[in-house]
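Asks: I'd like to ask some things about the structure below.
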Amino acid sequence: MANRVTNAQFAAAFNLTVQAISYMKRNGMPTDTIEAALAWKAERDANRKARAPKAAPAQLDDGSLADTISEHRALVGRARGVWQASMEQGDPNQGKYQTAYNQSLKTLVALEEEQERRLILAKDYISAKEAGAAMREMAAEIVNRLDKLGLDVAEACNPENPAKAVKVLDAWVRRVKADLSTQDEQE
């Protein structure tokens, strides 16, 4: 009769507790030799690792970030479904399922915020200070052209009496400038 391997011997070989060994035996661990049990555990650990969710790459480019968000939306939907089913069935683990759902939803929101931040950073923009300076420069150029309007187009407006056209055009420019300055004061 071969010597039977005890739970204490398995525990020493695996560096686990006797209770953990009992659990593993109930889940199919072979008990004939320590080597067979170690091989069983190694295969089980490899399967668990293969099924485990993959960590996101450290550097997500915009395309893989969009893919990750799409995949995570599906995961959030599944987590919500599991949680709802557990509530309907009165499952005692529904608190765990709710926590898993909440955490996956929080992760999804964080991923979407990162995507939005990247979209904002990718856009071409100028600061308000630069925009204000550009608008002032453009307005000054318009005013300069308005001031020269009478002299530039008077002859084409009234070839027989360009001086009369200059007076009419200059009067029009003064009214436009006055109207624009009163609008600025009202705003």
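Every number in this text was worked out from the coordinates using simple rules, so none of it is lab data. Since we're looking at a predicted model, the values are computed, not measured.
Asks: Please check: in the Gaussian network model of the chain (C-alpha springs, under 10 Å), which one of Leu38, Leu111, Leu121 has the largest mean-square fluctuation.
Replies: Top of the fluctuation ranking is Leu38.
Asks: Determine one quarter of the surface area of the Cα convex hull of the range 62-122, which equals its mean projected area, and express it in nm² to one decimal.
Replies: Numbers: hull surface 15.5 nm².
Averaging across all directions leaves 3.9 nm² for the Cα convex hull.
Asks: On to the next question. Sticking to Cα atoms, compute the Rg of the range 128-186 to one decimal and its Dmax as the biggest Cα-Cα distance, whole number, in Å.
Replies: Using the Cα atoms of the range 128-186, the pair Rg, Dmax is 14.6, 49 Å.
Asks: Ignoring everything except DSSP H segments at least 4 long, calculate the 222 nm mean residue ellipticity for the chain; use -39,500 (n - 2.57) per segment, divide by total residues, nearest 500.
Replies: Values: 7 runs with 147 residues, N = 187.
When only DSSP H runs of four or more count, the value is -27500 deg cm²/dmol.
Asks: Right, something else. If you split all Cα-Cα distances of the chain into 10 Å bins from zero, what percentages do you get per bin, shortest first?
Replies: Whole-percent P(r) values from 0 Å outward: 7, 15, 13, 14, 11, 9, 8, 7, 6, 5, 4, 2, 0, 0.
Asks: Follow-up. What lysines does Lys41 reach when the alpha-carbon gap must be under 16 Å and sequence neighbours fewer than 8 apart in one chain are set aside?
Replies: Counting by Cα, and skipping residues close in sequence, Lys41 has these lysines nearby: Lys25, Lys49.
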